[in-house]
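Reviewing the structure listed below.
Every number in this text was worked out from the coordinates using simple rules, so none of it is lab data. This one's a predicted model, so the numbers in the text were calculated from it and none came from an experiment. Quick reminder, even Gly has a Cβ in these numbers, built from the backbone with ideal geometry, and neighbours come from all protein chains shown.
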Amino acid sequence: MTRAETRPAPQEFDRVLSSMCTDPHPAARDAAMRFLADNPGDPATYPAVSDLEREAVAMLGDVVGLDDPHGYVGSGGTEANIQAVRAARNLADDDANVVAPESAHFSFQKAADVLDVELRLAELDDDHRADVDHVTDLADDDTAVVVGVAGTTEFGRVDPIPALGDVAEDAGANLHVDAAWGGFVLPFTDHDWDFADAAVDTMTIDPHKMGQAPVPAGGFLARDPETLDALSIRTPYLESDTQPTLGGTRSGAGVAGAHAALDELWRDGYRDQYETSQANADYLASELDDRGYDVVDPVLPLVATELPDREFRALRDDGWRISRTASGELRVVCMPHVTREMLDSFLADLDRSR
Ligand SMILES: *Cc1c(COP(=O)(O)O)cnc(C)c1O
C-alpha cells in the first residue's frame, strides 16, 4: 500500500447529525491555511493576523448588536465562558458566585472549578428555559455574573435574556449570554438575545459552530473596555504590553478562518443558511411527529426527540453519528452540512429499524 492509502482521513460529515461542528466554508478553509504560523497572541510581531482579528471582532459586534465591541477570537466557547466568569469575578468581591440555568453548558463547571467560584444552577421552566423566579432566588450580593443561554446545547432554547438582565442589575452582577451555537442564527429570528435587546455585559459566540469557520475559532465579546482590562495581565517579553486572552500563543488559522467566514457570509449567507437549516429542522420534526415520536418543537435548528434504545443503537450501527441529551432524547443539530437528502436517508434507516 502507498502511504496516501494508509494516511488517516478526517471525519466525513455525511452521517454526522449531533455535532455542532461543520464543514468550513471554502474561503475560510483557504484563509486558515495561509495563516497557520501566525500568532495573534503577539500582535506587534504579527500585525497582519492582528488586523484580521480586529476586523473579525468588529463584524462579530455587528452580528450581536454592539457598535464598539471589545473582545477577541479564542479557542472556543469554553474559553469565552471561562473568561466571562473570570472578568466578572475580578470585578466583584472574594466570595463570588455564578448563577446559571441547569441547561448551561458544562464549560461553566470548568469555569467554576478553575476560578474557585460557586456555581448555582437554577431550575428550568416547562419549555427548558431558565426559570427567572428561581434565578432571582439564587442571586444575591455576592453574585458576580448571571448567565443566560441563547441557543442551548441540548434543546436549542433561548432563555428570557432581558428578564435575566433585570435580575443581574438588581444583584449588581454582570449578565453573560452564551450564544456559542445560537449566535449565527438568532439575528434572523424574533428572539431578544443580544447587546441591543438587553443589558448584556459579555457574550460567547463561536464562529467554529454555525459560523462555518474552521476549528478553533471562538468569540468573546464585551460591551465595556473595563471588562477586558479586568482580564489583562502584563506581558514583559512580548512586543505588546498587556494581554487579556486566556491562551498565549493562539491560532492564526482560527482567526483568519473566522474573519474569512464572516466576510463571506455575514449577513445574507448566514440568513440563507439559517432559513435552510430551520426548514430542515421543521421537516425532520414533522416527519418524526408523523411516526408517533414525542418531539420537542425546534425553536432553532435543533431537533430533540424521544427515541427507543433499540432504534438508537440500530442507527448508530448504520454509521449515524448521533447522541442523546442528559434526559435521553436524540439530538439532531441541523448544521450547514445536514441536508434534506441526509435527513431522508436517516428517516429511511429509522423506518427499517422499527
Ligand atoms: C458548544 C458550546 C459551548 C462550548 O464551546 P466549545 O467551542 O466546544 O468550547 C458552550 N456553550 C454552548 C451553548 C455551546 O453550544
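Points to keep in mind about this one:
- Gained length - Ala58 relative to Asp317, 0.36 nm times residue gap less alpha-carbon distance: 88.8 nm
- With the gyration tensor restricted to C-alpha atoms of segment 26-265, the semi-axes of the equivalent ellipsoid amount to 29, 20, 14 Å, longest first.
- By definition, a body whose alpha carbon gyration tensor gives a ≥ b ≥ c is rounded when a/c is under 1.5, and segment 280-346 falls into this rounded group.
- Hz values of 3J(HN,Hα) by residue in segment 139-153 - Karplus curve (6.51, -1.76, 1.60), Gly and Pro given as x: 6, 8, 4, 8, 6, 8, 8, 9, 10, x, 10, 10, x, 6, 5
- Ordering 271-281, 141-151 by mean Cβ neighbour count within 10 Å, with the highest value first, yields 141-151, 271-281.
- In order along segment 323-329, the Karplus-derived 3J(HN,Hα) couplings, from 6.51 cos²θ - 1.76 cosθ + 1.60 at θ = phi - 60°, round to 9, 10, 6, 4, 8, x, 6 Hz, and Gly and Pro are given as x.
- Mean sequence separation of contacting Cα pairs (under 8 Å, at least six apart), scaled by the length of the chain, corresponds to a relative contact order of 24 percent.
- Among residues other than Ala314 with Cβ under 12 Å from its Cβ, the summed charge is -1 (Lys and Arg +1, Asp and Glu -1).
- Residue separation of Ser286 and Ile233 scaled by 0.36 nm, minus their Cα-Cα distance, works out to 13.9 nm of gained length.
- Dipole magnitude of the chain about its Cα centre (Cβ charges: Lys, Arg +1; Asp, Glu -1), debye to nearest 20: 1860 debye
- Residue of Val158, Val296, Val200 that the Gaussian network model of the chain assigns the largest fluctuation, springs spanning Cα pairs under 10 Å: Val296
- Dipole axis of the chain (+1 Lys, Arg; -1 Asp, Glu on Cβ), positive-most option in Gly148, Ala304, Thr189: Ala304
- Dipole magnitude for segment 218-295: computed about the Cα centre from +1 point charges on Lys and Arg Cβ and -1 point charges on Asp and Glu Cβ, it is near 420 debye.
- Rounded to the nearest whole angstrom, the semi-axes of the ellipsoid equivalent to segment 277-317, taken from the Cα gyration tensor as √(5λ), stand at 19, 11, 9, largest first.
- Only helices enter the 222 nm calculation for the chain: every DSSP H run of n ≥ 4 contributes -39,500 (n - 2.57), and dividing by all residues gives -12000 deg cm²/dmol, rounded to 500.
- Relative contact order computed over segment 218-342 (Cα-Cα under 8 Å; 6+ residues apart), in percent: 16 percent
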